[in-house]
Number of protein chains: 2
Amino acid sequence: METKIVSRSGGVCAPTGFRASAISCGIKDPSSSKLDLALIWSRTPAIATAVFTQNRVKAAPVQLSANYLRADDPQAIIVNSGNANACTGPAGMEHARQMADVTAKALGIRRRQVLVGSTGIIGVPLPIDRILARIPELPLLKKTKDCRQAAEAIMTSDTVPKSAAVEINIEGKTVRLGAIAKGAGMINPNMATMLCFITTDACISKTELQRATREAADLSFNRITIDGDMSTNDTVVVMANCRAENRRITARGPGSRQFRDALNSLMLKMAKKIVSDGERVTKLVEVRVNGAASQLDAEKVARAVANSALVKCSWNGNDPNWGRIIHAVGYSGAKIKPELVDIYFDGLCATKHGIAHQNGISFKQLENVVSKRNFTIGIELNQGRADYHVFTTDFSPEYVDYNRREYAAPQG
Amino acid sequence: METKIVSRSGGVCAPTGFRASAISCGIKDPSSSKLDLALIWSRTPAIATAVFTQNRVKAAPVQLSANYLRADDPQAIIVNSGNANACTGPAGMEHARQMADVTAKALGIRRRQVLVGSTGIIGVPLPIDRILARIPELPLLKKTKDCRQAAEAIMTSDTVPKSAAVEINIEGKTVRLGAIAKGAGMINPNMATMLCFITTDACISKTELQRATREAADLSFNRITIDGDMSTNDTVVVMANCRAENRRITARGPGSRQFRDALNSLMLKMAKKIVSDGERVTKLVEVRVNGAASQLDAEKVARAVANSALVKCSWNGNDPNWGRIIHAVGYSGAKIKPELVDIYFDGLCATKHGIAHQNGISFKQLENVVSKRNFTIGIELNQGRADYHVFTTDFSPEYVDYNRREYAAPQG
């Protein structure tokens, strides 16, 4: 049975019992009123699961949240933008702890029921006093219709706030899932400077929620890449508060497939929003590898092509340069035979058996594909049956220019 | 005993008995007189060794040359620029073979005594008739003083021809080594769109020449990286013709250390010339990693930092952004402890124990380092005793712009 997944408004506030609010406390810019602190919480007890960055340099809030998640069942997330609280030493850990403490007190819950997120500049101490002073106001703010302000408050170099929600029906009960996310820059496998917070009113076992979260993250956030860098702060959290009153979802039990389909769909939607809004990129490109001897080989090829600076530059110039693509296939480390490789641009064969395809497809036709905002590069290795795909972007002169200077941060 | 290595003029023609010449045969541009075909040869029998690309997609001339090298002792190299003869199928192999055949006939030597090199656009058939017609003229051209024309003829997007020569004294005999090279774009470990041809009049055993060539390539061309891409055509060839009349150099015998020092020095000089002339780059940066648990870990860290798009963008902007550097250290895959990592800019400590160093070094001082044309990033992992270094560049908006379109090549 196909799950019917209906889009709806409300973002993280769409599921029953969830609230979100945001405020400006001058982290991004003391002289502006840009939102930079957000709170998302369930008014009743919840369970939560998370996927964190695989970077060995983990920001303080990531370390703290991973600990709290092992110790308790969180029902709130406090997040600031403008400062990553990363590479900030013991003081940074203390600041993250204080953010959780003050939030817990304001909500009347236990300290370890609060997860902490931070995104922004690395290596600079948080303006912690300004943050702690404003946290108590957050639960008191009037509820906005679509929780859009929370999505705004977690933005850094994003150009648009990112939120979405879906609803499904499980055994007659309406179950909702909502999300906000931020990305831009440094997006890569295993996620990077990427935050995504998902709420759901589903009633679901913790084991099943963990399984579903890992699966969905693997099919979405772990398959997007902009510049190959990985962040110290990446975090995906899913909180479930059981308010939909469906029969509890367990492994392979009723509703399990439907819930996972809905979560996969929502995370993929958020991942595509993130990659499309990468810093100064102009295209969203799917790189799809088929016929690999193993899935690992397929992944190596897909990532080598998706991260090749020269391939990405050529897309920016609307140049259907398959030579650079086969080049990246060749150095990917995967076992390939050049004379078996075929390359397609939105299904049009540019390369057959490793050389230019003599099939009447004109350069102009291929150029038309690469000139689009969205297209797919298909790579057929003809070595086996494994496949893999990733979503990536082009590389623009404006991206480099934008990243030449980070903030005007004084250091020392 | 320290080897005294003296720079001298003459390029590949500096060693006794070597000649080089170049001609325009309209591969780069049929309507211009740009040099695009070069011949380098020894007038007497020689031995040769080579290091080729590790890309699994190998251009026809690379495959052919590797075969000939196993079968005979080459004493000539024929090279064209403007077309890589890569991804050109069986016709490409036939063209490479014809280039060797015609050259061998013109020089009166055996076919397998000729190695072939090609660099330029991928996937387009060579204009083989124009090339074969002009090859016989090459041995007849008047000798120019410094063989500069051969260096010019192998250029693609290089802005300057690259050549150098050195001389050493072994047991009273003067031994010379000369080189020409081309690089630009796509330079990475294991070399990329990189050609380097070295001549020497040393008398040396083949085994010792192989050992010296591998060592020198590992310490030079395998340590430069511009954009992380690897070419299908990379080739380093060293030819030795014994005309210096020194006692034959064998493993650990007299002159062995001196010859290797000279070859290392010459290859490193050529590698630095290549990386400095990378497409639209403005800086040459050494990334030096110390205190790693293993050499592989040190290499992983050095390459992750040297290839990080965000790190390279920040250098272009003169931004001493150590946050992005420690970030790349964290995702390198090496075993590191963030709280032990120190980062230096030309010896000035920016990061101590993984956080901003509070030592009175000002942001301005660090900015002054990154504003230079050459500087060193030192990364101390404090995990062990292994080290590694690579040479890399910044990433400029102009680099991306330059690489948006390759040639105006019609395909299909």
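Only the coordinates and a few stated rules stand behind these numbers; no lab work does. What you are looking at is a predicted structure, and each value in this text was computed from that prediction instead of being measured. Quick reminder, even Gly has a Cβ in these numbers, built from the backbone with ideal geometry, and neighbours come from all protein chains shown.
A few remarks follow.
- DSSP-defined antiparallel bridges as percent of all bridges, the range A:284-395, nearest 5: 70
- On the rotation that sends chain B to chain A, the chain B Cβ lying closest to the axis gives residue and distance in whole Å as B:397, 2.
- Take each residue of peptide B:325-337, count the partner chain Cβ atoms within 10 Å of its Cβ, and average: the result is 5.
- Peptide A:56-64 is shielded by partner chain Cβ atoms: per residue, an average of 3 of them sit within 10 Å of its Cβ.
- Computed extension length for residue B:293-residue B:337: 14.7 nm, one decimal, from 0.36 nm per residue of separation with the Cα-Cα distance subtracted.
- Estimated from the Cβ-Cβ distance and a Förster radius of 35 angstrom, the FRET efficiency linking residue A:368 and residue B:93 is about 0.60.
- Each of B:350, B:49, A:350 was scored by the projection of its Cα onto the charge dipole of the protein assembly as shown, and the greatest displacement toward the positive side belongs to B:49; charges sit on the C-beta of Lys, Arg, Asp and Glu.
- Footprinting exposure proxy for B:345, B:375, B:18, B:197 (fewest neighbouring C-beta atoms within 10 Å first): B:375, B:345, B:18, B:197
- What you get for the protein assembly as shown, charging only the Cβ of Lys and Arg (+1) and of Asp and Glu (-1), is a dipole of about 700 debye around the Cα centre.
- Rounded to the nearest 20, the Cβ-based charge dipole of chain A about its Cα centre (Lys and Arg +1, Asp and Glu -1) stands at 1040 debye.
- Tensor-based shape of the range B:284-395 (alpha-carbon gyration tensor, a/c under 1.5 rounded, otherwise prolate or oblate): oblate
- Label-point spacing for residue B:174 across the identical copies (point 7 Å from Cα in the Cβ direction), in nm and ascending order: 9.3.
- Each listed q (0.10, 0.18 Å⁻¹) maps to a log10 I(q)/I(0) for the range B:218-372, found by the Debye formula over equal Cα scatterers with no solvent: -0.49, -1.15.
- Of all DSSP-defined beta bridges confined to the protein assembly as shown, some 70% are antiparallel rather than parallel.
- Cα lying deepest toward the dipole's positive end in the range B:6-276, options B:259, B:32, B:114, charges on Cβ: B:259
- Take every DSSP beta bridge whose two residues both sit in the range A:6-276; close to 70 percent of them are antiparallel.
- Annotation: lysines with alpha-carbon distance below 20 angstrom to residue B:142 (same-chain offsets under eight excluded): B:34, B:105.
- For the range A:1-135, projected area of the alpha-carbon convex hull averaged over all directions, nm²: 9.9
- The same position residue A:134 in the other copies lies at 6.7 nm from this copy, comparing label points 7 Å beyond Cα toward the beta-carbon, shortest first.
- Per-residue Cβ neighbour rank within 10 angstrom, fewest leading, A:12, A:79, B:6: B:6, A:79, A:12
- Mean per-residue shielding of peptide B:311-321 is 5, counting Cβ atoms of other chains within 10 Å of each Cβ.
- Base-10 log of normalised Debye intensity for the range A:1-78 (one unit scatterer per alpha-carbon) at q = 0.14 Å⁻¹: -0.71
- Over the protein assembly as shown, the ratio between the Cα radius of gyration and 2.2 N^0.38 Å evaluates to 1.05.
- Evaluated at q = 0.14, 0.16, 0.22 Å⁻¹: base-10 log I(q)/I(0), Debye formula over Cα of the range B:191-277: -0.49, -0.62, -1.02
- Cα-only radius of gyration and Dmax that characterise chain B, units Å: 22.2, 70
- Shown for residue B:7: label points 7 Å from Cα along the beta-carbon vector, and their distances to the equivalent points in the other copies, 6.3 nm in ascending order.
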